[in-house]
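Everything on this sheet refers to the single structure shown next.
The values are calculated or read from the model by the stated rules, or taken from the named source; none is laboratory data. Only a predicted model underlies this, so the values are computations on that prediction, with no experimental measurement involved. Because the Cβ atoms are built from the backbone with ideal geometry, glycine has one as well, and the counts that use them run over all protein chains shown.
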Amino acid sequence: MSTTTARSSEPKAAASKRPAGERAKLPTARERLLDAADELFYTEGIHIVGIDRVIEKAGVAKASLYSTFGSKDELVRAYLNRRYEQRRTRITEWVARYDDPRAKLLGVFDALGESIARPGYHGCAFANATAESSPGSVAEQVTQEYRAWTRALFTDLARDAGAADPATLGAQFHLLYDGVNWAARIDRDLEAAGRARAAAATLLDAAVG
């Protein structure tokens, strides 16, 4: 009898000795709230979706939301900041694939083309959020930060590619980039990124020629 008891306890003892990294990591309340907010805010809108919907989907207590974020505005800020970080990482990694400055610049449109082709694409999260927000809102603040980074990226890449006026070329590329998001969202045009890339190549050739 004692032998059986000892044997039955072996798996549990072995499991308790596993390194922490091998155990399944459960998402924190913050992660669950952000995941829920990301899905609901992006597909339905930041103003249409109330706090109670986010809490219900996340499966956490209301107190968890307020102790973590303090308010809905700060949850919106965290949602958009995470989107910003994800987009910045994706574009930076895509551009890093290339050594040639021209290829890096045009590669931004390739990355965008991949994004708009993904299932569940509902347009630019930042454009959507600011469209339903008032001036000076949290959504506008984060969006301006994201847009400043995007404009600076295009300007820096244009300079590296040899453009005589990188600021102007960067602004032109930014307009093309914005246009792709709107064409994909409103017209369901999945070829928009390819056409914008071709237009960008023409502008770049003229700027460095």
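Below, the figures for the structure above:
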{"read-out": "The listed residue being assigned by TED's automatic domain parsing to the domain that holds residue 186 and at positive phi, out of 107, 120", "value": "120"}
{"read-out": "Test: residue in segment 153-173 that is at pLDDT 95 or above, hydroxyl-bearing (Ser, Thr, Tyr) and over 19 Å from the mean Cα position of the chain (by Cα)", "value": "yes"}
{"read-out": "Selection within segment 164-208 - closer than 18 Å to residue 131 by Cα and hydrophobic (A, V, I, L, M, F, W, C)", "value": "175, 180, 182, 183, 184, 186"}
{"read-out": "Segment 184-209 residues that are touching a residue at least 40 places away in the same chain (Cβ under 8 Å), paired with ones that are assigned to a helix (DSSP H, G or I) and among the charged types (D, E, K, R) (beta carbon under 9 Å, 6 or more apart)", "value": "193/110; 193/114; 194/110; 197/110; 201/102; 204/102; 208/102"}
{"read-out": "Per-region count, segment 96-112, residues assigned to a helix (DSSP H, G or I) and either farther than 30 Å from residue 208 by Cβ or not β-branched (Val, Ile, Thr) (or both)", "value": "11"}
{"read-out": "Residue ranges of helices (runs of 4 or more DSSP H) in segment 30-95 with at least 2 members surrounded by 13 or more Cβ atoms within 10 Å (Cβ to Cβ) and either of a type in the set (A, V, I, L, M) or in contact (Cβ under 8 Å) with a residue 40 or more places away in the chain (or both)", "value": "51-58, 72-95"}
